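Beneath this line is the structure, given in structure tokens, with notes to follow.
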């Protein structure tokens with residue numbers, strides 16, 4: 001028997017596309033004209049939905065700089081933070097679908113279609129170009145918390161329910177999903193504090209005003225290596241080569257291995273020849289030794305995909321996140 005409280009869950013399940021339909025929709029593009037002007041003929045915007053200098057912005061600027069050289073036109077980054085990346089994506093989707101406004105897209109763009117009941121776009125509005133990196137997370141802790149390993153942290157959090165303040169960059173973010181899973185499996189209770197970007201959380205952790213963050217290595221790693229923050233674990237299946245002394249959550253008895261991803265997207269309807277051209281150039285960047293070395297320093301993993309492969313990954317992100325969003329009643333009106 002279904003109850004009124006089941007309605008949000010039924011609505012959420014009803015919105016879940018099948019992989020085949022969703023990928024096909026993501027790849028739809030307007031037919032190109034035989035007489036179309038060569039592309040590009042003027043500068044290109046790449047819009048980032050998070051703060052300048054953060055873990056999303058830094059790779060975006062690396063790629064934009066190299067892409068400018070390859071295309072012979074300036075590709076400039078514009079930051080429009082807020083609403084888990086939706087402000088930035090909505091800006092791109094409001095522009096002509098001509099390849100001159102690109103989104104440096106993230107897994108947030110997929111999850112937001114689950115998270116918000118009144119989200120202003122669908123997965124089919126996004127034209128995937130390529131994923132450029134993925135990253136597992138570090139479980140970071142402020143120096144002000146008097147523990148040195150994950151077991152001690154769990155004991156401390158149990159003894160101080162609600163006192164641990166954890167930073168998150170948005171409801172439904174992988175960071176928040178992991179925090180909820182850890183609360184559930186470890187039997188602890190923390191208090192959520194929202195921010196616009198991971199770099200803001202890190203600065204508050206350095207000051208001791210926020211205690212806990214599940215964040216990307218590029219945001220936490222440098223401060224761990226300099227001794228200014230603690231790192232208790234990583235979500236990677238195996239220990240990261242950049243952090244060989246950090247145990248995995250799986251090792252510690254918490255089999256959580258989620259990851260985040262970054263990519264380049266356009267608005268659906270962007271001509272396929274433009275999507276394919278951008279894919280070729282960006283993939284050549286992400287396969288370069290220079291990019292691989294840059295990614296290794298940040299703890300990220302370089303990725304190159306076809307638009308079809310990236311479309312499948314976007315759909316899979318939604319399918320993976322849906323059960324946790326349902327379980328913790330995270331959908332937003």
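The values are calculated or read from the model by the stated rules, or taken from the named source; none is laboratory data. Source: prediction; values computed, not measured. Methodologically, a virtual Cβ is constructed for each residue, glycine included, from the backbone with ideal geometry; neighbour enumeration extends over all protein chains shown.
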List the number of the failed condition for residue 249; all other conditions in (1) surrounded by 17 or more Cβ atoms within 10 Å (Cβ to Cβ); (2) at positive phi hold. (2)
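Scan the range 246-264 and give yes if some residue there is under 19 Å from the mean Cα position of the chain (by Cα) and assigned to a helix (DSSP H, G or I), otherwise no. Working first, answer last.
Filtering the range 246-264 down to residues under 19 Å from the mean Cα position of the chain (by Cα) leaves 256-264.
Narrowing further to those that are assigned to a helix (DSSP H, G or I): none.
Scanning the range 246-264, I find no residue that is under 19 Å from the mean Cα position of the chain (by Cα) and assigned to a helix (DSSP H, G or I), so the answer is no.
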Pairs under 8 Å by beta carbon, first residue free of Cβ contacts under 8 Å to residues at least 24 places away in the same chain and assigned by TED's automatic domain parsing to the domain that holds residue 175 in the range 259-280, partner surrounded by 20 or more Cβ atoms within 10 Å (Cβ to Cβ) and part of a strand (DSSP E or B), six or more apart or different chains? none
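Per-residue answers, yes or no, for (1) in a strand (DSSP E or B); (2) surrounded by fewer than 16 Cβ atoms within 10 Å (Cβ to Cβ); (3) modelled with pLDDT of 90 or more:
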residue: 147; (1), (2), (3): no, yes, yes
residue: 156; (1), (2), (3): no, no, yes
residue: 161; (1), (2), (3): no, yes, yes
residue: 183; (1), (2), (3): no, no, yes
residue: 188; (1), (2), (3): no, no, yes
residue: 193; (1), (2), (3): yes, no, yes
Go through (1) at pLDDT 85 or above; (2) in contact with a strand residue (DSSP E or B) (Cβ under 8 Å, 6 or more places away or on another chain) and name the single condition residue 27 misses. (1)
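Condition check ((1) closer than 30 Å to residue 183 by Cα; (2) without any contact (Cβ under 8 Å) to a residue 60 or more places away in the chain; (3) in the same structural domain as residue 208 (by TED's automatic domain parsing)) across all residues:
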| site | (1), (2), (3) |
| --- | --- |
| 92 | no, no, no |
| 104 | no, no, no |
| 130 | no, no, no |
| 148 | yes, no, yes |
| 161 | yes, yes, yes |
Among the listed residues 191, 174, which satisfies the condition of being more than 16 Å from the chain's Cα centre (by Cα) and in contact (Cβ under 8 Å) with a residue 24 or more places away in the chain? 191
